[in-house]
Structure formats: structure tokens, C-alpha cells
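*Asks:* My structure is below; once you've seen it, I'll send some questions.
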Amino acid sequence: MRLNYFFPFVIAVWIVAWAFSGMVVQSGPAVDKKMDVPADNRLADFYNARIDEKINVAKRIEPLAESTDNQVKCETKTALKRADYYNENRKQLVGEMLKDRDIGTQDYKVDDFLVTNFLKAHPEANECKLS
């Protein structure tokens, strides 16, 4: 009677082990390729990708700048100004983020850094108030 439970257990363990070994083998080369790239280059690529993402979001909402709602219009124009600032100052922003080792690859820290620098350069960008 105990043999009836033994074989399904062995088969289940074998399937899990096989699936796990396949995942490890598949992810191995991708990790090895990344290890050849210096850490600063990977971080710079990550920061550039975040900046690109912010710029692309602003471009997608650009038609909202013609909205009849003043709040939407103001927020959209601010987002477009922010995207222009990021695009014009990309090298400086990425360089400063690379110097600040506390930022790392945490999205919220990158976003906070970018917004803070934009607001330092454009303090009037806080003019959009809910009415």
C-alpha cells in the first residue's frame, strides 16, 4: 500500500527538480553577460531608461495640453516642461545619480531625484493648484 504513494511522490519531486534546473540553465547566460558590464554602465543604462520612460509618458499626454479643463492643461504643460528639462539635462542628471550611491535602482528614489532637480530649476512648476 505504501508503494502506491511512493512513486507519485518521486515523480513529483523529479518534475520539480527538472523544472528548476531548466530555469537555472536558461537564466545563467543572461546573468553572465551582465557581469561583464561594469556596474556604472548598468546603472547609467537604468537611469537613461527611466528618463526615456518619463519623456515618453509626457509625449503620450501631449494632446491633453489643449484640454478645456484648466487643471489638466496646467499639469500637462508642466509634464512637457519636465520632459524637456530631462532631455536637455540628461547627462548631468545621470552623472549626479551615479555619484549618489544611495539612489541605486529603486524607482521611487530615481523619480524623487528627477522631480527635485526639476523643481529646483523651475520653481514656478508648482503653480498648478486644484481649484
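The values are calculated or read from the model by the stated rules, or taken from the named source; none is laboratory data. Everything numeric here is computed off the predicted structure, so don't read it as measured data. Quick reminder, even Gly has a Cβ in these numbers, built from the backbone with ideal geometry, and neighbours come from all protein chains shown.
*Asks:* I'd like to check which helices (runs of 4 or more DSSP H) are fully inside segment 18-117 and have at least 2 residues that are acidic (D, E) and at pLDDT 90 or above.
*Replies:* The helices (runs of 4 or more DSSP H) meeting that bar are 39-60, 70-88.
*Asks:* Given the structure, is A49 buried (at least 16 other Cβ atoms within 10 Å of the Cβ) and in the same structural domain as D100 (by TED's automatic domain parsing)?
*Replies:* Answer is no for this residue.
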